[in-house]
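To start, the structure under review is shown below, and the notes come after it.
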Amino acid sequence: LPIESLESIIDNIDTCKGLLYLALTCSQLKDLIIPNHIEYRYIRCDPYRRSLWIKLIQQPLLASHIR
């Protein structure tokens, strides 16, 4: 499947556990999900943590996966 289709499927999975299970099904999904979706799907941190906001500004793809 094209990357855009895979991203659309991935975006419809709400839990990190579900993302991990999907990532374990094949290497192409793993390469998309683990670096881009799992770590930045949900963020809990001090809102004054400047380094996080700078990273999200510099990497808008990561920011686009935050729920």
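Laboratory data are not the source of any read-out in this text; all were calculated from the coordinates shown. In this text, all values refer to a predicted model and were calculated from it rather than measured experimentally. Methodologically, a virtual Cβ is constructed for each residue, glycine included, from the backbone with ideal geometry; neighbour enumeration extends over all protein chains shown.
A few remarks follow.
- Point-charge dipole on Cβ atoms (K/R +1, D/E -1) for the chain, about Cα centre, debye to 20: 340
- Label positions at Leu24 and Arg50, each projected 7 Å from the Cα along the C-beta direction, are separated by 4.1 nm.
- Cα-based convex hull volume of the range 3-64 per residue, rounded to whole Å³: 84
- Simple rule: put +1 on each Lys or Arg Cβ and -1 on each Asp or Glu Cβ in the range 3-64, find the dipole, and look at Ile33, Leu62, Tyr48; the Cα lying farthest toward the positive end is Tyr48.
- For the chain, relative contact order (Cα pairs under 8 Å, six or more residues apart, normalised by length) works out to 27 percent.
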